[in-house]
Amino acid sequence: MERQLRRSRTNRWIAGVCGGLAEFFGLSAFWFRLLFFILLLPGGLPGLVPYLILWIIVPLEERR
């Protein structure tokens, strides 16, 4: 089965971007949330822009 990057419906806080990345790479969503939080600290844009882009381009996980 081929893995596809999808936003998570179950492991989400805002849009499911971090949960989807975690499922795709096989890591904990905590690490992606921490990464985006750290990128938000120097002024917001380094963390906010990639998150928003991923929110727009990565499709939502299909219902099971």
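What follows is calculated from the coordinates using simple rules that are stated; it is not laboratory data. This structure is a prediction, so every number in the text was calculated from the model and none was measured. Backbone-built Cβ (ideal geometry, glycine too); neighbour counts: all protein chains shown.
Miscellaneous remarks
- Of the numbered criteria (1) assigned to a helix (DSSP H, G or I); (2) touching a strand residue (DSSP E or B) at 6+ places or on another chain (Cβ under 9 Å), the one Pro46 fails is (2).
- One residue stands out among those in the range 1-31 that are among the charged types (D, E, K, R) and under 19 Å from Arg63 (Cβ atoms): the one that is surrounded by the most Cβ atoms within 10 Å (Cβ to Cβ), which is Arg7.
- When restricted to residues that are part of a helix (DSSP H, G or I), in contact (Cβ under 8 Å) with a residue 12 or more places away in the chain and not aliphatic (A, V, I, L, M), the range 14-36 contains 8.
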